[in-house]
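Colleague: Once you've had a glance at the structure underneath, I'll fire off some questions.
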Amino acid sequence: MLIIGITGGIGSGKTAASDYLGSQGIAVVDADEVSRQVVEPGRPALEQIRAEFGDQVLQADGQLDRAALREIVFADPEERRVLEGITHPAIAAEIRRQLEASDSPYTILVSPLLLETDQHELVDRVLLVDVPESVQVERTARRDEVPGDQVRHIMAAQMDRQERRRKADDIVLNDGSLADLHEQLDPLHQAYLERARNHGG
Ligand code: ATP
């Protein structure tokens, strides 16, 4: 099965791109969504987290108290490693499960950390949603209602634009309208369909 990874920095337009391809009938696995799903009540990872960190990381309704957990792991790198030892394998397994369950012509894995983690090993090609930094700051600040400096701070901790561009197989430049983005995605979508036919699945 052909798997296309979509990545890009914060607010670059990954969701805008995957939503559009999703509207063309392509299945989308969203790594951010998976990371929330694996810690829902009843899932083994949440049980493991509770066993490790105690009831203080659960809300009264049984949901994970992210703020409480974040405070614990922020203060202690060892605790962070313990947490990641629980969540990372659970996320990887669930991503694999959802990719395997897909029956669309090709499947998208959208992830902000595709290039930074071994998630890129799951995909056949990497499609980068690229944006000039000024556009990225402006759109993210507007969407999240936060100051531009806060967005720049997050961007400084992410992979830089040139390195992402070097690692990508395909690039769309999301500096115009959504219609412009869709216009760039159309030929890629056709190329992926063609590849999927040759891929034998
Ligand atoms: P994150 O990694 O932070 O979740 P993302 O890469 O998924 O972000 P989106 O949420 O798709 O990015 O886009 C960021 C914001 O910019 C959203 O509010 C979205 O509606 C808007 N946006 C994306 N592309 C365009 C565009 N071409 N024109 C105008 N607004 C856009």
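The values are calculated or read from the model by the stated rules, or taken from the named source; none is laboratory data. Being a predicted model, the structure only gives us computed values, none of them experimental. Positions of Cβ are generated from backbone atoms using ideal geometry, with glycine treated the same way; all protein chains shown enter the neighbour counts.
Colleague: Could you grab me the full set of residues in segment 162-180 that are more than 11 Å from the ligand (Cβ to nearest atom) and either under 18 Å from residue 17 (Cα atoms) or among the hydrophobic types (A, V, I, L, M, F, W, C) (or both)?
Modeller: Within segment 162-180, 164, 165, 168, 169, 170, 171 qualify.
Colleague: What do you reckon, is residue 65 modelled with pLDDT of 95 or more, of a type outside the set (Ser, Thr, Tyr), away from the ligand (no atom under 16 Å from the Cβ) and farther than 30 Å from residue 173 by Cβ?
Modeller: Answer is yes for this residue.
Colleague: Right, another one. If you check 146, 135, 151, which single one turns out to be out of contact with any Ser or Thr (no Cβ under 7 Å at 6 or more places or on another chain), more than 22 Å from residue 22 (Cβ to Cβ), in contact (Cβ under 8 Å) with a residue 40 or more places away in the chain and within 12 Å of the ligand (Cβ to nearest atom)?
Modeller: On the way: 146 fails: in contact (Cβ under 8 Å) with a residue 40 or more places away in the chain; 151 fails: out of contact with any Ser or Thr (no Cβ under 7 Å at 6 or more places or on another chain).
Just a single option satisfies the conditions, and that option is 135.
Colleague: Report, by residue number, each residue of segment 1-18 that is closer than 17 Å to residue 170 by Cα and more than 10 Å from the ligand (Cβ to nearest atom).
Modeller: Listed by number, the residues that qualify are 2, 3, 4, 5.
Colleague: Say whether the condition of being of a type outside the set (D, E, K, R), farther than 19 Å from residue 6 by Cα and within 11 Å of the ligand (Cβ to nearest atom) is met by at least one residue in segment 181-192. Working first, answer last.
Modeller: In the first step, residues of segment 181-192 are kept if they are of a type outside the set (D, E, K, R); the result is 181-182, 184-185, 187-192.
Next, from what is left, pick out any that are farther than 19 Å from residue 6 by Cα: none.
No, because not a single residue in segment 181-192 is of a type outside the set (D, E, K, R), farther than 19 Å from residue 6 by Cα and within 11 Å of the ligand (Cβ to nearest atom).
Colleague: Here's another thing I want to ask about it. Just the residues that are assigned to a helix (DSSP H, G or I) and either in contact with a strand residue (DSSP E or B) (Cβ under 6 Å, 6 or more places away or on another chain) or surrounded by 24 or more Cβ atoms within 10 Å (Cβ to Cβ) (or both), please, taken from segment 1-18.
Modeller: 14, 17, 18
Colleague: From the set of residues in segment 19-58 that are within 16 Å of the ligand (Cβ to nearest atom) and part of a strand (DSSP E or B), which is surrounded by the most Cβ atoms within 10 Å (Cβ to Cβ)?
Modeller: Filtering first and then ranking leaves 29.
Each row is one residue, and each column tells you yes or no for (1) closer than 23 Å to residue 196 by Cα; (2) surrounded by 14 or more Cβ atoms within 10 Å (Cβ to Cβ).
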| position | (1), (2) |
| --- | --- |
| 60 | no, no |
| 65 | no, yes |
| 83 | no, yes |
| 89 | no, no |
| 105 | yes, yes |
| 120 | yes, yes |
